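In what follows, a single structure is set out as structure tokens and then discussed.
The values are calculated or read from the model by the stated rules, or taken from the named source; none is laboratory data. The structure presented is a predicted model; accordingly, all values stated were derived computationally and were not measured. Virtual Cβ from ideal backbone geometry, glycine too; neighbours counted across all protein chains shown.
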């Protein structure tokens, strides 16, 4: 039995709404999944260790990471994860050079450094919590990680002055995130409490509203000391002007638009109604 026009539209409306509800539910699930995660960055800071492969929960996550490179932030589900480090190339079998259980906290960032020298007690993994809150306008945040196993505790100051940015930071120690004016700095690394310069850091650029970690790596014994600046968080992008549509430029909204278009076209509503369909409704 043929359905009347009203009944047909009712069926189409039901189907369209069901499709939209299904899509909204799946989008919500994806949001929950993304929210239930954190980020981690791993840095190879062991000066005499060859390139390494990194396995997370038994799966190879990084291949041939060399000193003093880092992975950048990667997203992992919140919870406990097993991390193993093998000399590259490796299939993950046998005894790892380093191993640790790492807790990923929902919505938090962390950094793990492989530090120390091969065959010595200094070799290990150093997990740290990151604070990537956006600095105030005109400011940058910077912290120091001392990852040189044979260097003494250090001060870091502005070159040619007595101004100290970090004081008495020992091996595996961290100089906490410090707000400074954005700009370019000439810095000096000195043995703690001394005025002699162990390492010059000329022209360190710190951008507005950006977060940095500066890692001291290498060995004092062979004069390979250096610093590696890492960008923890860039300044947020400017907010797009409000268009009055009520939709934001997110992937979720963009993904929804074709489904709304299909639903409206099926129902013959608004701009999606073709002239032929409009004439059919009038007849």
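What about residue 140, is it part of a strand (DSSP E or B), within 24 Å of residue 231 (Cβ to Cβ) and assigned by TED's automatic domain parsing to the domain that holds residue 201?
Here the answer is yes, as residue 140 does meet what is asked.
Within segment 143-164, restricting attention to residues that are part of a strand (DSSP E or B) and within 25 Å of the chain's Cα centre (by Cα), which residue is farthest from residue 211 (Cα to Cα)?
If we take residues in segment 143-164 being part of a strand (DSSP E or B) and within 25 Å of the chain's Cα centre (by Cα), then 146 is farthest from residue 211 (Cα to Cα).
To keep it simple, each residue is scored yes or no on (1) at pLDDT 50 or above; (2) touching a strand residue (DSSP E or B) at 6+ places or on another chain (Cβ under 6 Å); (3) at positive phi.
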{"position": "2", "(1), (2), (3)": "yes, no, no"}
{"position": "6", "(1), (2), (3)": "yes, no, no"}
{"position": "11", "(1), (2), (3)": "no, no, no"}
{"position": "24", "(1), (2), (3)": "no, no, no"}
{"position": "29", "(1), (2), (3)": "no, no, no"}
{"position": "33", "(1), (2), (3)": "yes, no, no"}
{"position": "58", "(1), (2), (3)": "yes, no, yes"}
{"position": "86", "(1), (2), (3)": "yes, yes, no"}
{"position": "90", "(1), (2), (3)": "yes, yes, no"}
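Yes or no: segment 183-190 includes at least one residue that is at pLDDT 95 or above, exposed (fewer than 15 other Cβ atoms within 10 Å of the Cβ) and under 30 Å from residue 106 (Cβ atoms).
no
Looking at segment 156-182, which of its residues are more than 15 Å from residue 135 (Cβ to Cβ), touching a strand residue (DSSP E or B) at 6+ places or on another chain (Cβ under 8 Å) and loosely packed, with under 13 Cβ neighbours inside 10 Å?
160, 163, 170
Being at positive phi and touching a strand residue (DSSP E or B) at 6+ places or on another chain (Cβ under 7 Å) is the filter; apply it to segment 92-123 and report the residue that is surrounded by the most Cβ atoms within 10 Å (Cβ to Cβ).
Filtering segment 92-123 for residues that are at positive phi and touching a strand residue (DSSP E or B) at 6+ places or on another chain (Cβ under 7 Å), the one surrounded by the most Cβ atoms within 10 Å (Cβ to Cβ) comes out as 116.
How many residues does segment 81-103 hold that are within 25 Å of the chain's Cα centre (by Cα) and in contact (Cβ under 8 Å) with a residue 40 or more places away in the chain?
Going through segment 81-103 one residue at a time, the tally reaches 3.
Hey, any hits in segment 52-66 for a residue that's surrounded by 16 or more Cβ atoms within 10 Å (Cβ to Cβ), under 29 Å from residue 211 (Cα atoms) and either in the same structural domain as residue 226 (by TED's automatic domain parsing) or in contact (Cβ under 8 Å) with a residue 40 or more places away in the chain (or both)?
The answer is yes; a qualifying residue exists.
Going by the conditions given, is residue 170 closer than 23 Å to residue 70 by Cβ, touching a residue at least 12 places away in the same chain (Cβ under 8 Å) and within 25 Å of the chain's Cα centre (by Cα)?
No.
Could you tell me which residue of segment 199-221 is nearest to the chain's Cα centre (by Cα), considering only residues that are part of a loop (DSSP other than H, G, I, E, B) and at pLDDT 95 or above?
Checked segment 199-221; the qualifying residue nearest to the chain's Cα centre (by Cα) is 210.
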